[in-house]
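Okay, structure first, notes after.
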Amino acid sequence: MAKSVTGGRVKHTPIRTCIGCRQAEGKRTFVRIVRTPQGVVVDPTGKLAGRGAYVHRSPACWQAALKGSRIEQALRTKLTAEERTALTAYGAVLLADEDSDTSGVTRHASRLTNDV
C-alpha cells in the first residue's frame, strides 16, 4: 500500500483497481465512471455521488473496459447506446492525447497488451 510521510504523519493513499487491466494503483491515476440517477457519466473530479468504477487514462484500458460488459458489471447497470457512445468518444479523446504525449501512457499500454 502506498503511503507518504508528511510532517511526521503517515498519509494514506487510496488504492483503486482499473476495470480494464485489473491493476491496482493510487486513485489519482484513474478516471472515474459513475452510475448516477441520470445515467452513466465520466466523473473527472472523482467526487460525484453514485456507484463508481475506475479506468486508467490509457486508450488500451478504455477499449478493454468497453469490450464486453466490464463497465456494466462494475456499475451493476445496463449501458444505453448513448452512454456507450459517450464513453467511446471519451476513449477516442484519450487516444488523441496519447498521440501527442507518449510519456507514461504508452508504457502502461504495453504492459496491458503483454498481460492479455
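Descriptive notes on the structure:
- Search result, residues across region 70-102 that are touching an Asp or Glu at 6+ places or on another chain (Cβ under 8 Å) and hydrophobic (A, V, I, L, M, F, W, C): 79
- Entry remark, region 30-79: residues being over 11 Å from residue 19 (Cβ atoms), part of a loop (DSSP other than H, G, I, E, B) and in contact with a Leu (Cβ under 9 Å, 6 or more places away or on another chain) number 4 in total.
- In region 2-29, the residues that are assigned to a loop (DSSP other than H, G, I, E, B), modelled with pLDDT under 95 and either at positive phi or touching a Pro at 6+ places or on another chain (Cβ under 7 Å) (or both): 7, 8
- In region 97-106, residue modelled with the highest pLDDT [restricted to those that are outside any loop (DSSP other than H, G, I, E, B) and surrounded by 11 or more Cβ atoms within 10 Å (Cβ to Cβ)]: 97
- Where a residue in region 66-78 is on the phi < 0 side of the Ramachandran plot and at pLDDT 95 or above and its partner, wherever it lies, is small (Gly, Ala, Ser) and not in a helix (DSSP H, G or I), with Cβ under 6 Å and at least six apart: 74/53; 75/53
- So residue 49, is it under 20 Å from residue 39 (Cα atoms) and in contact (Cβ under 8 Å) with a residue 12 or more places away in the chain: yes
The values are calculated or read from the model by the stated rules, or taken from the named source; none is laboratory data. As the structure is a computational prediction, the values presented were derived from the model and not from experiment. No Cβ is skipped: glycine too gets one built from the backbone with ideal geometry, and neighbour counts run over all protein chains shown.
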